[in-house]
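> Below is one structure. I have some questions about it.
The values are calculated or read from the model by the stated rules, or taken from the named source; none is laboratory data. Quick caveat: nothing in here was measured; it's all calculated off a predicted structure. A quick note on method: Cβ atoms are made from the backbone with ideal geometry, for glycine too, and the neighbour counts reach across all protein chains shown.
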Amino acid sequence: MVQTDNIHQLVCISCPMGCRLTLVKDEKSPQGYKIDGNTCKRGVEYAIKEVTDPTRMVTSTVKITGALLPRLPVRTDKPIPKAKIMECMKIINSLEVNSPVKMGKILVKDLFGTGSNIIATRSL
Ligand code: SF4
């Protein structure tokens, strides 16, 4: 995202079209922004969320013992605030689980009170 004064320029990642969006503060608009460049309304929702409350899914791996592979793939099951990603990675890097683990198993519940869990994305 590029930001200059009250203008934000970003690429919508809600679908592969990747529309280039421009947001300008507009107090007359009910959303508080005027948005250009979107092909559909999902772009408007994405742009406003990205400048007011940006979130991301986190994917990574954790140590696993007693399995064929040394690392178990994991991810958050809901997006978490972008500002919490580093803290989330510290938690992931400190995790060590024992085999067997079933896909979908919750390894860490309710990260930072967000309702998002860290789950296994495969059985191992
Ligand atoms: S604005 Fe709509 S069409 Fe464009 S990238 Fe976003 S979701 Fe896709």
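> Please enumerate the residues belonging to the range 21-40 that are hydrophobic (A, V, I, L, M, F, W, C), out of contact with any helix residue (DSSP H, G or I) (no Cβ under 6 Å at 6 or more places or on another chain) and closer than 12 Å to GLN9 by Cα.
Selection gives VAL24 alone.
> Here's a follow-up. Restricting to the range 1-21, and then to whatever is among the β-branched types (Val, Ile, Thr) and within 12 Å of the ligand (Cβ to nearest atom), can you tell me which residue is modelled with the highest pLDDT?
Ranking the candidates gives VAL11 first.
> Another one. Just name the residue that is nearest to ARG56 (Cα to Cα) out of those in the range 4-32 that are assigned to a loop (DSSP other than H, G, I, E, B) and aliphatic (A, V, I, L, M).
For the range 4-32, the residue satisfying everything is ILE13.
> Name the one entry in ILE35, ILE91 that is at negative phi, assigned to a helix (DSSP H, G or I) and of a type outside the set (Asp, Glu).
Step by step, each of ILE35, ILE91 is checked, and only ILE91 is at negative phi, assigned to a helix (DSSP H, G or I) and of a type outside the set (Asp, Glu).
> For the range 112-124, which residues satisfy the criterion of being surrounded by 12 or more Cβ atoms within 10 Å (Cβ to Cβ), closer than 20 Å to ARG56 by Cα and at pLDDT 95 or above?
Of everything in the range 112-124, those that are surrounded by 12 or more Cβ atoms within 10 Å (Cβ to Cβ), closer than 20 Å to ARG56 by Cα and at pLDDT 95 or above turn out to be SER116, ASN117, ILE118, ILE119, ALA120, THR121.
> Then there's this: VAL62: surrounded by 15 or more Cβ atoms within 10 Å (Cβ to Cβ), in contact (Cβ under 8 Å) with a residue 40 or more places away in the chain, of a type in the set (A, V, I, L, M, F, W, C) and more than 16 Å from the ligand (Cβ to nearest atom), yes or no?
Yes; evaluated as a whole, the condition is true for this residue.
> Tally time: how many residues in the range 23-52 are hydroxyl-bearing (Ser, Thr, Tyr), exposed (fewer than 15 other Cβ atoms within 10 Å of the Cβ) and more than 8 Å from the ligand (Cβ to nearest atom)?
The qualifying residues number 2.
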